[in-house]
1. Collect the residues in segment 156-179 that are within 26 Å of residue 55 (Cα to Cα), surrounded by fewer than 22 Cβ atoms within 10 Å (Cβ to Cβ) and without any contact (Cβ under 8 Å) to a residue 60 or more places away in the chain, keeping them in residue-number order.
2. Only one residue in 104, 61, 93 is touching a strand residue (DSSP E or B) at 6+ places or on another chain (Cβ under 9 Å) and under 20 Å from residue 20 (Cα atoms). Which one?
3. What number of residues in segment 137-155 are surrounded by 17 or more Cβ atoms within 10 Å (Cβ to Cβ) and out of contact with any helix residue (DSSP H, G or I) (no Cβ under 8 Å at 6 or more places or on another chain)?
4. Only one of 236, 193 is in the same structural domain as residue 120 (by TED's automatic domain parsing) and surrounded by 21 or more Cβ atoms within 10 Å (Cβ to Cβ). Can you tell me which?
5. Look at residue 62 and say whether it is in a helix (DSSP H, G or I), farther than 27 Å from residue 143 by Cα and within 17 Å of the chain's Cα centre (by Cα).
């Protein structure tokens, strides 16, 4: 039986992945003195949506050959690596973007937020499993008035291994006191879906304009249900939950 729904944050509850992609583009613009944000940085970030900061920044650096530009900004004796500097630049830009709570509210996915609220009101356990830092997640949850809608909030600091490792989903199930197979995960990225599948949870993937191509190119389509229209989300989750529960009752699980 489905006892809990576990939500990703970036790209699932809010359209923050689009903003994060733009923050990389602006960082490259500043780094190279360009007239406009570099759209190639956005495309590079799409490859690693849902990954931890280090992996994402390293990938953007490799794709755009940014290491010489970043190394030139590091002073002698600076122990930071180029990816640290790009991450700091990108994070500062992003945090300035979302400092106004209204920006977050304007960039929410309303159907997913509505599902979270209705799930909690229906006495289903709820959790957040994000690769954002706790501070970032708390800012978003407060802006959307979702703090009291979640039983468990897990962020990057809570696990050793980032998605696509299943650690955060296994920990969510443990903290909720349910089996992974009793959880339904909502994810938007291939990395997030892989993490949830590897943990043994049921998965519904949200294909956003930012992640649709990556989801369909990944080897995960047979292991999850992909929703392309946000308006279909509530019906799909209800159908998948009822289907799983019928199967569980039939097998005595």
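The values are calculated or read from the model by the stated rules, or taken from the named source; none is laboratory data. Just so it is clear, the structure is predicted and the values come from calculations on it, not from any experiment. Glycine also receives a Cβ, built like all others from the backbone with ideal geometry; neighbour counts cover every protein chain displayed.
1. Residues satisfying the conditions are 157, 158, 159, 160, 161, 165, 166, 167, 170, 171.
2. 104
3. The number of residues fulfilling the criteria is 1.
4. None of the other options fit; the residue is 193.
5. No: the conditions fail for residue 62.
Results for (1) surrounded by fewer than 16 Cβ atoms within 10 Å (Cβ to Cβ); (2) touching a residue at least 60 places away in the same chain (Cβ under 8 Å); (3) touching a helix residue (DSSP H, G or I) at 6+ places or on another chain (Cβ under 9 Å), shown as yes or no for each residue.
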{"position": "204", "(1), (2), (3)": "no, no, yes"}
{"position": "210", "(1), (2), (3)": "no, yes, yes"}
{"position": "222", "(1), (2), (3)": "yes, no, no"}
{"position": "232", "(1), (2), (3)": "yes, no, yes"}
{"position": "241", "(1), (2), (3)": "no, yes, no"}
{"position": "245", "(1), (2), (3)": "yes, yes, no"}
